[in-house]
Structure formats: C-alpha cells, structure tokens
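Values quoted throughout were computed directly from the atomic coordinates according to the rules given, and no laboratory measurement underlies them. What you see is a predicted model; the values in this text were computed from it and never measured. All Cβ positions, even for glycine, are placed from backbone atoms using ideal geometry, and neighbour counts span all protein chains on display.
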Amino acid sequence: MRRHDLLAELHRLLSPRSYLEIGVNVGGSMTLSRTRSIGIDPYYSLTQELLCDVHLVRTSSDEFFAREHPLAHFDEPLIDLAFIDGMHLAEYAFRDFVNVERFTHPGSVVVIDDMLPRDVPEARRDRSVPSGRTAWAGDVYKILATLRELRPDLVCLEVDTAPTGTVVVINPDPTNRALLEAADDVVESYVVPDPQDVPAAILDRRRAHQPEALLDLPVWGELVAARDLPVADARARVTQAVAPLRAV
Ligand SMILES: C[S@@+](CC[C@H](N)C(=O)[O-])C[C@H]1O[C@@H](n2cnc3c(N)ncnc32)[C@H](O)[C@@H]1O
C-alpha cells in the first residue's frame, strides 16, 4: 500500500473534523481531504484539484506555529488528523510534531511520512548528494527513537507503506512537556554528518505493521468516539483502546 492510500483510509475511518498538513507540494495528499483543512508549505505549487475548505499558508511550519492563533481557520484550535511531510530533516520533523501536539486531543492521530528509509543513502541529510533513489527520506526516522524514549505514553506505529514508510502516532497529549524540555539536546544530537547510522530495525522494517491489518483494528472507531467525551474520559477510553497495540 502506498502512503496516500493509508492516508485516504485514515480519512475514511476517522472522518476528521479538521486536517492539518505540513508539506503540500503539488497537493497530492491534500486532495484526499474532504474536511476543514490547513496546508502549510513555503513553496507549494498546486497541480491537483482540492476538494475541501482549505487555508493554504505559504510559509514554513515553524513560522506558522509561531503565529498567535495559527488554527483560526478551524472552529476550535484542535486537529483531528495531521500529516507531517515537510522538511525531511529530523530537527524539523521533531519541531513539527511538538507543534502539532499542542493542538491535539486524546483521539487525534498524527501521521509522519518518510520514517522508514530503505537504505542509508536514502536517509542522507544532504539532499544534493545523489543516492540512486528518486525519493528523499532524509533522517526524520530519528524522531521515532526520541518519541519512544521520552514519551512512552505515545503509541508510535511503524507502517510498511511505499515508498519510504510511515509512522502513525496515537494518544497525543498536549499537556506533556517532555519533548519541549529535551528539545535543545535532542536537536543537537540529530545534526551529524552523512552517512547516517540508520538502525537495522528501521531499514528492514521488522517492527512495521502491514497497513491493511492495522486499518482493520477497532482502535479507529474508539478514537472517533473519544472526541465527544470530556478530556479525562476520552483519555481513559483511548488508553484502553490502545493497550493491545502496545503489546505488538
Ligand atoms: C514531500 S513534499 C510534500 C508532499 C505532499 N505531502 C504529498 O504527499 O503529496 C515536501 C514539501 O515540504 C515542503 N517544505 C519544505 N520545508 C518546509 C517547511 N519548513 N515547512 C513546511 N513545508 C516545508 C516543500 O516545499 C515540499 O513541497
């Protein structure tokens, strides 16, 4: 399954009330949205017809989230579904996740693209060096280890999508400050010269879920149901719903 097919299925299963995308490019992933949406990209150049009520913002994600009310286009400043697919460097993806999480609730889902590079050249930080691949995953895969280490409360699901793998994050918590507090050290650790030391478990996708099996799980309906509950009840419901996934 390709990453856009996974995203399309998540739109179908979650019927998000709001969708935020970092990295719009020609609109390939934004065209999957049918809900109130925000797309951020300093260089977007649409070739796809968009079929949703969208605020397209021609800026970097960092500048966007530094605004006073970045999500003013939504009824409430809450994101049901996010797709992080902007600058493919770990420090950018890390900040993108931290910023997106500020606007989540227990039932929100965050999808991060390019998290499973297929070889070390594809994970290079310097895009100008030829890798023999058409895709550039960059080193965004590094944020997975950070999330698992500093945020064991999150459920981070690696998904075997083509071409460069996806991670779906469930159970976000905007009150948790662990990532923010560690940000300086984390970002410093990411910025190292190529070639990157990509873990074998990332390259061979040994922990990755097959997308079809993942999409079949009952958890998606539980996340939708949690939206209408008070936050404490929603957290309890999501915690219960994700428990089987932690064991996988
Ligand atoms: C891989 S493309 C996005 C593809 C799109 N999501 C899709 O699946 O059809 C990455 C995009 O991220 C954009 N980008 C680069 N740096 C960015 C930043 N700091 N903030 C937001 N977008 C950025 C680039 O301009 C590029 O269009």
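For the chain, the Kirkwood estimate of hydrodynamic radius, built from reciprocal distances between every pair of different alpha carbons, is 18.2 Å.
Taking all C-alpha pairs of the range 163-203, those more than 17 Å from each other amount to 59 percent.
Once C-alpha pairs closer than 8 Å and six or more residues apart are averaged by separation and normalised to the residue number of the range 1-68, the relative contact order reads 27 percent. For the chain, the 222 nm mean residue ellipticity estimated from helices alone, with every DSSP H stretch of n ≥ 4 adding -39500 (n - 2.57) and the total spread over all residues, rounds to -9500 deg cm²/dmol. Remark: the chain carries a charge dipole of roughly 360 debye about the Cα centre, counting +1 on each Lys and Arg Cβ and -1 on each Asp and Glu Cβ. Oblate is the label for the range 138-248, because a/c, from the alpha-carbon gyration tensor with a ≥ b ≥ c as root eigenvalues, is 1.5 or above and a/b does not exceed b/c.
Annotation: amide H-H contacts under 5 Å for His55 (H modelled 1.01 Å from N, sequence separation of 5 or more, or interchain): Ser37, Ile38, Gly39. Rounded to the nearest whole Hz, the Karplus-based 3J(HN,Hα) values (6.51 cos²θ - 1.76 cosθ + 1.60, θ = phi - 60°) of the range 64-72 follow the sequence 4, 6, 7, 5, 5, 10, x, 9, 4, with x at glycine and proline. Based on Cα contacts under 8 Å between residues 6+ apart, the range 101-218 shows a relative contact order of 36 percent. With contacts taken as Cα pairs under 8 Å at a separation of at least 6 residues, the chain carries a relative contact order of 19 percent.
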